[in-house]
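What follows is one structure encoded as structure tokens, with my remarks underneath.
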Amino acid sequence: MANLSYKHFTLGVEEEYMVIDPVTRELKSHQQRIVQEGQKVIKDKVKAEMHQAVVEVGTDICNDVDEAFMDVSTLRKTISGIAGDLGLWVGASGTHPFSHWESQLITEHARYDEIVNELQEAARSNLIFGLHVHVGMETREMAIHIANSARYFLPHIYALSTNSPFWEGRMTGYKSFRTKVFDKFPRTGIPDFFESIEAYDNYVKLLIKTNCIDNAKKIWWDLRVHPFFNTVEFRICDIPMTVQETISIAALFQGICAKLYKLRMQNLNFMMYSRALLNENKWRASRYGIDGSLIDFGKEGEVNTRVLLYELLDFIDDVVPHLGSRHAVNNVHKMMEQGTGADRQLKVFEESKNLVNVVDYIHDSFLSGL
């Protein structure tokens, strides 16, 4: 199998940042000024989101994790600098610790008007911040095969990304409350598996034909074969607090895709589990992060989540050298020692009993280590 090429497993990373008022620490509408100024420097790599307190950035197509790290670092530094010039802060957390969505402005744009008009309160309250990782694919046929199998690992990596323990000033009891907010949308969560790319395309065509959606981008699953690019897009994760965490998570998704590809090329396949079973693990991940246990469906028993993450590192170990991602994957050990963003937010809150301090911590961590 030495002749396998992993070059097509390129990476694209999209991050959503919160814009913060440095005085009140509340979310703050930037009236698209950050986007307008940002576009002068980083062109179309920055764009507006539905809520005006959100800025979305996306990298170029990156050949490996090092390029992705450079790109995300530049994006974070650029946006942070522009925000600073405008008297604003930025931060990365799946939810804001205490701001209320009712007081946040919606961006004026035909697409957002349409979504709010259709989804109403579910859309207006969708004040959350996520990470999307695109992994390049040779063909759409290979993409659907890899997406089907990769579903199994979504809860594991989601647990590692958990970074939204607070909602509207309350401790939610969840490590990631973000997905609980997003679950109000239709067509969310872990998808079913599809027999073929044709079956997936037919599903999309049926939804468009029956006016459920006007285009495939309104399928908001935790992972999807991208409607326009040759990528599998992983959408389950909270936005991580630091660049290092984002890149390690991207490296895991890339490694999983490469490993599943290698198995496929050896005529081997990974077990397929139903959405209903995988959702049990997703729920546990959102509630407990890496401190709980997930179900190992092969063994039909509960296993400590950290143990399963170590097993995942073993599973992808043989493809990591080909991807040049060893350092990013090894950082997962450190992430498990330090705790997820949610664990660290909760620690700051336990020590200070003050959510303003939590916002300060989120802001201070945004460029940590850069």
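The values are calculated or read from the model by the stated rules, or taken from the named source; none is laboratory data. What you see is a predicted model, and the numbers here were worked out from it, not measured in a lab. All Cβ positions, glycine included, derive from the backbone under ideal geometry; neighbour counts span all protein chains shown. Ligands, DNA and RNA are stripped out before the accessible areas are found, and what is left, the full protein with its side chains, is counted by its heavy atoms. Shrake-Rupley method; radii C 1.70, N 1.55, O 1.52, S 1.80 Å.
Note on the range 54-83: among residues that are of a type in the set (D, E, K, R), part of a helix (DSSP H, G or I) and within 25 Å of Arg344 (Cα to Cα), the one that is least open to solvent (accessible area, probe 1.4 Å) is Arg76.
Give, as residue ranges, the helices (runs of 4 or more DSSP H) completely inside the range 204-317 that count at least 1 residues that are over 29 Å from Lys175 (Cα atoms) and not small (Gly, Ala, Ser). Spell out how you get there, then give the answer.
Details: elements: 243-265, 275-288, 305-316.
Fully inside the range 204-317 and qualifying: 243-265.
Taken over the range 269-324, residues that are in contact (Cβ under 8 Å) with a residue 60 or more places away in the chain and open to solvent by less than 20 Å² (accessible area, probe 1.4 Å) amount to 17. In the range 240-249 there is at least one residue that is in contact with a Cys (Cβ under 9 Å, 6 or more places away or on another chain) and buried (at least 21 other Cβ atoms within 10 Å of the Cβ).
Residues in the range 161-174 that are in contact with a strand residue (DSSP E or B) (Cβ under 8 Å, 6 or more places away or on another chain) and open to solvent by 10 Å² or more (accessible area, probe 1.4 Å): Thr172, Tyr174.
Hey, can you tell me all the residues within the range 1-36 that are under 30 Å from Cys257 (Cβ atoms), assigned to a loop (DSSP other than H, G, I, E, B) and hydroxyl-bearing (Ser, Thr, Tyr)?
From the range 1-36, those under 30 Å from Cys257 (Cβ atoms) are 1-18; that's our starting set.
Now narrow it down to the ones that are assigned to a loop (DSSP other than H, G, I, E, B): 1-10.
Residues satisfying the conditions are Ser5, Tyr6, Thr10.
Given the condition over 22 Å from the mean Cα position of the chain (by Cα), among the acidic types (Asp, Glu) and part of a loop (DSSP other than H, G, I, E, B), answer yes or no: does some residue in the range 181-189 qualify? Looking for residues that are over 22 Å from the mean Cα position of the chain (by Cα), among the acidic types (Asp, Glu) and part of a loop (DSSP other than H, G, I, E, B), one finds none in the range 181-189, hence no. Taking residues in the range 104-131 that are within 28 Å of Thr246 (Cα to Cα), and partners anywhere that are basic (Lys, Arg), the pairs with Cβ atoms closer than 6 Å and at least 6 places apart or on different chains are Ala122/Lys184; Ile128/Arg178.
Return the pairs, sorted by first residue and then second, in which the second residue is surrounded by fewer than 17 Cβ atoms within 10 Å (Cβ to Cβ), the first residue lies in the range 3-27 and is closer than 21 Å to Cys237 by Cα, the beta carbons are less than 7 Å apart, and the residues are 6+ apart or on different chains. Within 7 Å, the pairs are Thr10/Ile61; Thr10/Asn63; Gly12/Ile61. I'm checking my understanding of the structure. Among residues of the range 84-102 that are part of a helix (DSSP H, G or I) and within 22 Å of Asn126 (Cβ to Cβ), which one is most open to solvent (accessible area, probe 1.4 Å)? Here the residue is Glu102. Against the test of being touching a Gly at 6+ places or on another chain (Cβ under 7 Å), more than 20 Å from Val135 (Cβ to Cβ) and polar (S, T, N, Q), the options Asn279, Asn354 yield a single qualifying residue, Asn279.
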